[in-house]
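**Q** Quick one: the structure is below, questions incoming.
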Amino acid sequence: MALRNPYAEYQNNKIMTASPAELTLMLYEGAIKFCNIAIVACENKEIEKAHINIQKVDAIIEEFQATLNHKYPVWKDFDEVYKYIRHRLLEAEVSKDPKDLEEVLGHLRTMRDTWVEVMKKTNNGAAVGKN
């Protein structure tokens, strides 16, 4: 019999019951977390760890890009931002320069903070800050 992992069950339940807005926020938080890990890995010359975490950030940004709603004209602006971030991630992948990743991290934080403000101004705001 496999041992139950209460933390994993909690995390799974949190994801399964989250609204689309909350899931988007979780993805931003994940991208920020993985970018921070990659920065530290680059600073410590842990090339494989940096690579894995840069790829995780890129996968999240790729998902954001793939799920843009083309019904709204602003999708093109978001697409350009995502393309730029992915380009900078590629440069960081090659250079392993933490400064490249710090720029990406700044963009991710700005986008996350903007998303939180959007959530506060809509009916998804009640979910902001819950953990």
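The values are calculated or read from the model by the stated rules, or taken from the named source; none is laboratory data. The structure presented is a predicted model; accordingly, all values stated were derived computationally and were not measured. Because the Cβ atoms are built from the backbone with ideal geometry, glycine has one as well, and the counts that use them run over all protein chains shown. Protein only, heavy atoms only, side chains kept; ligands, DNA and RNA dropped before computing areas. Shrake-Rupley method; radii C 1.70, N 1.55, O 1.52, S 1.80 Å.
**Q** Hey, can you tell me all the residues within the stretch 103-117 that are more than 23 Å from Cys42 (Cα to Cα), touching a residue at least 60 places away in the same chain (Cβ under 8 Å) and either open to solvent by 70 Å² or more (accessible area, probe 1.4 Å) or of a type in the set (A, V, I, L, M) (or both)?
**A** The answer is Met111, Trp115, Val116.
**Q** Out of Asp77, Asp100, which single residue is free of Cβ contacts under 8 Å to residues at least 12 places away in the same chain and either part of a helix (DSSP H, G or I) or surrounded by 11 or more Cβ atoms within 10 Å (Cβ to Cβ) (or both)?
**A** Asp77
**Q** Still on this structure, I have one more. Collect the residues in the stretch 80-97 that are in a helix (DSSP H, G or I) and touching a helix residue (DSSP H, G or I) at 6+ places or on another chain (Cβ under 7 Å), keeping them in residue-number order.
**A** Scanning the stretch 80-97 gives Tyr82, Ile85, Arg86, Arg88, Leu89, Glu91, Ala92, Glu93.
**Q** Tell me yes or no: at least one residue of the stretch 52-72 is more than 11 Å from the chain's Cα centre (by Cα), closer than 14 Å to Met111 by Cβ and not in a helix (DSSP H, G or I).
**A** Checked against the condition, which is being more than 11 Å from the chain's Cα centre (by Cα), closer than 14 Å to Met111 by Cβ and not in a helix (DSSP H, G or I), the stretch 52-72 yields at least one hit.
**Q** Ok, one more. Kindly provide the set of residues from the stretch 2-47 that are more than 18 Å from the chain's Cα centre (by Cα) and at pLDDT 80 or above, ordered by number.
**A** Cys42, Glu43, Asn44, Lys45, Glu46, Ile47
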